[in-house]
Amino acid sequence: MRVVWSRHPISAAEIIETLVAQDATWHPVTAKTLLNRLVKKRVLGFDLDGRSYPYRPLVRERDCVNAVSSSFLERVFGGSLNSMVAHFVEHRKLSPKQVRELRKLLDE
């Protein structure tokens, strides 16, 4: 979706080319299957332009991130934001700058 949000309208070929450039393990058939699933879920739309089908997002990036974040928090941490933050603080090495930014967020 990030490719589509950043470059829409964009063809399937351009999406696949970008994905493969970022990660060589992407296979074109897999990418096309994903695009079709996103269209069926009404997250991605397309227009008929001759033989081309330029894709465009049907949901805003912010809305998608909010929905996925909420779902992840609920499924993995039982909805507990405290548990999630504690997990990442304990299992990830935070730089001093990241610690300052986290403290600033918590103080707000």
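Between residue 102 and residue 53, full extension at 0.36 nm per residue minus the direct alpha carbon distance yields a gain of 13.4 nm. Relative to the Cα centre, the charge distribution of the range 2-57, modelled as +1 at Lys and Arg Cβ and -1 at Asp and Glu Cβ, gives a dipole magnitude of about 320 debye. The 3J(HN,Hα) values that the Karplus relation (6.51, -1.76, 1.60; θ = phi - 60°) gives for the range 21-35 are, in residue order, 5, 7, 8, 5, 7, 5, 10, x, 5, 4, 4, 5, 4, 4, 4 Hz. Gly and Pro appear as x. Shown is the FRET efficiency for residue 61 and residue 23, computed with R0 = 25 Å from the Cβ-Cβ distance and rounded to the nearest 0.05: 0.80. A cut-off of 5 Å between modelled amide H atoms, ignoring neighbours fewer than 5 places along the same chain, links residue 44 with 39, 58.
If you take semi-axes √(5λ) of the Cα gyration tensor in Å from the coordinates, which of (i) 35, 23, 12; (ii) 35, 16, 14; (iii) 18, 17, 13 do you get? Computed from the coordinates, semi-axes √(5λ) of the Cα gyration tensor in Å corresponds to (ii). Per residue, the average separation of C-alpha pairs within less than 8 Å and at least 6 apart gives the chain a relative contact order of 22 percent.
The H on the amide N of residue 10, modeled in the peptide plane, is under 5 Å from the matching H of 55, each at least 5 residues off or on a different chain.
As a proxy for reagent exposure, ranking 3, 65 by other Cβ atoms within 10 Å from fewest up yields 65, 3.
No value in this document is a laboratory result; all are computed from the given coordinates. Owing to the predicted nature of the structure, the values given are computational and were not obtained by experimental measurement. Neighbour counts are summed over all protein chains in view; Cβ atoms, including those assigned to glycine, are modelled from backbone coordinates with ideal geometry.
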